[in-house]
1. So in segment 40-54, with the set limited to residues that are more than 11 Å from the chain's Cα centre (by Cα) and open to solvent by 60 Å² or more (accessible area, probe 1.4 Å), which one is nearest to THR90 (Cα to Cα)?
2. Which is modelled with pLDDT under 95 and either under 19 Å from GLY9 (Cα atoms) or not aromatic (Phe, Trp, Tyr) (or both), of GLY54, GLY109?
3. Looking at (1) of a type in the set (Asp, Glu); (2) touching a strand residue (DSSP E or B) at 6+ places or on another chain (Cβ under 7 Å); (3) at pLDDT 95 or above, can you tell me which one GLU104 breaks?
4. Give all pairs with beta carbons closer than 6 Å in which a residue from segment 92-116 that is closer than 18 Å to ILE33 by Cα and in a strand (DSSP E or B) meets a residue that is acidic (Asp, Glu) and open to solvent by less than 90 Å² (accessible area, probe 1.4 Å); count only pairs at least 6 apart in sequence or on separate chains.
5. Quick one: which residue in GLN1, GLN81, GLN44 is part of a loop (DSSP other than H, G, I, E, B) and at pLDDT 95 or above?
6. Only one of GLN111, GLN81 is within 13 Å of the chain's Cα centre (by Cα), open to solvent by 50 Å² or more (accessible area, probe 1.4 Å) and under 16 Å from SER21 (Cα atoms). Can you tell me which?
7. Of the residues GLY65, GLY35, which single one is in a loop (DSSP other than H, G, I, E, B) and out of contact with any Cys (no Cβ under 6 Å at 6 or more places or on another chain)?
8. Could you list, in sequence order, the residues of segment 3-17 that are among the hydrophobic types (A, V, I, L, M, F, W, C), touching a Ser or Thr at 6+ places or on another chain (Cβ under 8 Å) and surrounded by 15 or more Cβ atoms within 10 Å (Cβ to Cβ)?
Amino acid sequence: QVQLVESGGGLVQPGGSLRLSCAVAESIFKVNIMGWHRQAPGKQRELVATITTGGFRNYADSVKGRFTISRDTGKNTMDLQMNSLNSEDTAVYYCAALRLGQWEYWGQGTQVTVSS
C-alpha cells in the first residue's frame, strides 16, 4: 500500500521556482511530523525541512529563506515551495513521516534538476 506519493519535480533554470507536493495517507498525516529530504548524486541524504502537526517549521541552513514547507490538513498533503533554485539544489526529493523518532514512511522520490 503506497502511503506517500510525491509530485511536482522537473527541470528548472537557476533562479527559478518549483513546488513539490506529497499526498499522504490520512492515518499517517494526522499524527506525525512530516519532512522533505533530498539526495544529490554521490551525497548522503539530507533533511531539508520539517513541519509538525501544529505547523511548526524547521529548515536546513542551505534552504532557509528560499524554501517553504506547508501542510494542508483538509487534503492530507504536504508541499515544498522552492524559490531561487541553484545547481546545488539538484537532487531527488523525498517526503517522509516521522514515527517514534525514526523516519519510517517514505515516498518514492521526485527528481529536481536545476540547470540552464
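The values are calculated or read from the model by the stated rules, or taken from the named source; none is laboratory data. What you see is a predicted model; the values in this text were computed from it and never measured. Don't worry about glycine lacking a Cβ; one is built from the backbone with ideal geometry, like all the others, and counts go over all protein chains shown. These area figures cover heavy atoms from the full protein model, side chains too; ligands, DNA and RNA do not enter into them. Shrake-Rupley method; radii C 1.70, N 1.55, O 1.52, S 1.80 Å.
1. Keep residues of segment 40-54 that are more than 11 Å from the chain's Cα centre (by Cα), which gives 40-45, 52-54.
From the residues that got through so far, the ones that are open to solvent by 60 Å² or more (accessible area, probe 1.4 Å) too are 41-45, 53-54.
Numbers: PRO41: 9, GLY42: 12, LYS43: 11, GLN44: 13, ARG45: 12, THR53: 28, GLY54: 30 Å.
So, considering only residues that are more than 11 Å from the chain's Cα centre (by Cα) and open to solvent by 60 Å² or more (accessible area, probe 1.4 Å), the one nearest to THR90 (Cα to Cα) is PRO41.
2. Details: GLY109 fails: modelled with pLDDT under 95.
It is GLY54.
3. (3)
4. CYS95/GLU6
5. GLN44
6. Numbers: GLN81 fails: open to solvent by 50 Å² or more (accessible area, probe 1.4 Å).
Step by step, each of GLN111, GLN81 is checked, and only GLN111 is within 13 Å of the chain's Cα centre (by Cα), open to solvent by 50 Å² or more (accessible area, probe 1.4 Å) and under 16 Å from SER21 (Cα atoms).
7. Exactly one residue qualifies, and that residue is GLY65.
8. If the condition is that a residue be among the hydrophobic types (A, V, I, L, M, F, W, C), touching a Ser or Thr at 6+ places or on another chain (Cβ under 8 Å) and surrounded by 15 or more Cβ atoms within 10 Å (Cβ to Cβ), then VAL12 is the only one that fits.
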